[in-house]
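Enquirer: Can you read through this structure? Questions will come right after.
The values are calculated or read from the model by the stated rules, or taken from the named source; none is laboratory data. These numbers come from a predicted model, not from an experiment. Heads up, the Cβs are rebuilt from the backbone with ideal geometry, glycines too, and the neighbour counts pull from every protein chain shown. To get the accessible areas, we keep the full protein, side chains included, count just its heavy atoms, and leave off ligands, DNA and RNA. Shrake-Rupley method; radii C 1.70, N 1.55, O 1.52, S 1.80 Å.
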Amino acid sequence: MSENRKEIGPYEYMEYFNRTTALMVTMDKIGKLNVMALDWKKLFEFENKPVIRAQVAYSRYTYTLLTEGVNQFTINIPSGKTAHAIDIAGFSSGRNTDKFKKAGLDIIPGKSTKVPTIKDCILNYECQIIHEEKSNMSSHHYFYGEILSAYASNEILK
Ligand SMILES: Cc1cc2nc3c(=O)[nH]c(=O)nc-3n(C[C@H](O)[C@H](O)[C@H](O)COP(=O)(O)O)c2cc1C
């Protein structure tokens, strides 16, 4: 398969989800993309749906896109090929940097979301925001994204 990945169930390969920092992709209303490093993430069942809960600080451009953009996000767990993007995604802001260009990331159009996933990652999740709330840290907010599609790369598929 040219994409080098297969669709999986939302709870499969979770050990890889928990292991490393994720690349969270968001989009504004006219299709401009941004990517942010995300450590505070959890995958679990919420109201009978598989969700990823992302904890995002109010100061992030990502927060603005999550609240004023397309109401979707993707979560991408980098492989050795894309791990370098964590520093770029985590130490510069989409307000003044095209982080996709800077990190040389390629995208795969979403099947279930307008927001694309990132190529050459070990796991990808396409999520629709179904709930949000203040986090227990006053500077952060929780976004609950229902997992509509999930993928694992051939690198980790058993
Ligand atoms: C390894 C790493 C993990 C991070 N995890 C989070 C996180 O879970 N939540 C968060 O709000 N910021 C987190 N950050 C900080 C953001 O990624 C960083 O502020 C980024 O520049 C925000 O980009 P943006 O303004 O384009 O949204 C992390 C940064 C690094 C380097």
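Enquirer: Round to the nearest 0.05 the FRET efficiency obtained for LYS101 and TYR11 when R0 = 35 Å and r is the Cβ-Cβ distance.
Expert: On the way: r = 34 Å, r/R0 = 0.97.
Computed FRET efficiency for LYS101 and TYR11 comes out at 0.55.
Enquirer: Next question. Hey, rough spin-label estimate for GLU3 and ILE156, points 7 angstrom out along Cα→Cβ, what's it come to in nanometres?
Expert: 1.6 nm
Enquirer: Would you mind computing, in nm to one decimal, how far apart the modelled labels at MET137 and PHE91 are, each placed 7 Å from Cα along Cα→Cβ?
Expert: 1.9 nm
Enquirer: Given the C-alpha centroids of segment 64-87 and segment 14-54, what is the distance between them in whole angstrom?
Expert: If we compute the Cα centre of each part, the gap is 7 Å.
Enquirer: How far, in nm, would the chain grow between LYS114 and ASN18 when pulled straight, counting 0.36 nm per residue and subtracting the alpha carbon separation?
Expert: Computed gain between LYS114 and ASN18 is 32.1 nm.
Enquirer: Over the chain, what per residue volume does the convex hull of the Cα atoms give, in whole Å³?
Expert: In the chain, the Cα convex hull volume per residue is 107 Å³.
Enquirer: With a 10 Å cut-off between alpha carbons and a GNM built on the chain, which of TYR144, TYR11, TYR125 moves the most?
Expert: Of the options given, TYR11 has the highest mean-square fluctuation.
Enquirer: Where does the charge balance sit around GLY69 when Lys and Arg score +1, Asp and Glu -1, over other residues with C-beta under 14 Å from its C-beta?
Expert: Its environment carries a net charge of +2.
Enquirer: With a 1.4 Å probe and all protein chains left in place, how much of the accessible area of segment 5-153 comes from carbon and sulfur atoms, in whole percent?
Expert: Here carbon and sulfur together make up 49 percent of the probe-accessible area.
Enquirer: Let me have the 222 nm mean residue ellipticity of the chain computed from DSSP H runs of 4+ only, each contributing -39500 (n - 2.57), with the sum over all residues rounded to the nearest 500.
Expert: Calculated from helices alone, the mean residue ellipticity at 222 nm is -4000 deg cm²/dmol.
Enquirer: Separate question: Compute a Gaussian network model of the chain, connecting alpha carbons closer than 10 Å, and tell me which residue from ILE86, ILE122, ILE108 fluctuates the most.
Expert: Ranking ILE86, ILE122, ILE108 by mean-square fluctuation puts ILE108 first.
Enquirer: Would you mind calculating the relative contact order of the chain from Cα pairs under 8 angstrom and at least 6 residues apart, reporting the percent as a whole number? It would help to have the intermediate numbers written out before the result.
Expert: Details: 349 pairs, mean separation 46.4, N = 158.
Relative contact order of the chain: 29 percent.
Enquirer: What net charge do the residues around ARG53 carry, taking every other residue with its C-beta under 10 Å from that of ARG53, with Lys and Arg at +1 and Asp and Glu at -1?
Expert: The answer is 0.
Enquirer: A follow-up question, please. For the chain, set up a GNM with springs between Cα atoms under 10 Å and report which of PRO78, PRO50, PRO109 has the largest fluctuation.
Expert: PRO109
Enquirer: Once the whole set of protein chains is in place, how much accessible area is left on HIS131, using a 1.4 Å probe, in Å² to the nearest 10?
Expert: 60 Å²
Enquirer: Also: Separation between the ASP39 and ALA83 pseudo-spin-labels, each 7 Å from Cα along Cα→Cβ, expressed in nm?
Expert: Taking the two extended label points, one gets 1.6 nm.
Enquirer: Rolling a 1.4 angstrom probe over the protein heavy atoms, how many square angstrom per residue are accessible across segment 5-153?
Expert: On the way: 6910 Å² over 149 residues.
Ligands and nucleic acids excluded, the result is 46 Å² per residue.
Enquirer: Got a sec to turn the phi values of segment 150-157 into Karplus ³J(HN,Hα) couplings, 6.51 cos²θ - 1.76 cosθ + 1.60 with θ = phi - 60°, whole Hz, x for Gly and Pro?
Expert: 9, 9, 10, 6, 4, 4, 10, 5
Enquirer: Quick one: which of LYS6/LYS119; LYS49/LYS99; LYS32/LYS134 span more than 24 angstrom between C-alpha atoms?
Expert: In this structure, LYS49/LYS99; LYS32/LYS134 exceed 24 Å between Cα atoms.
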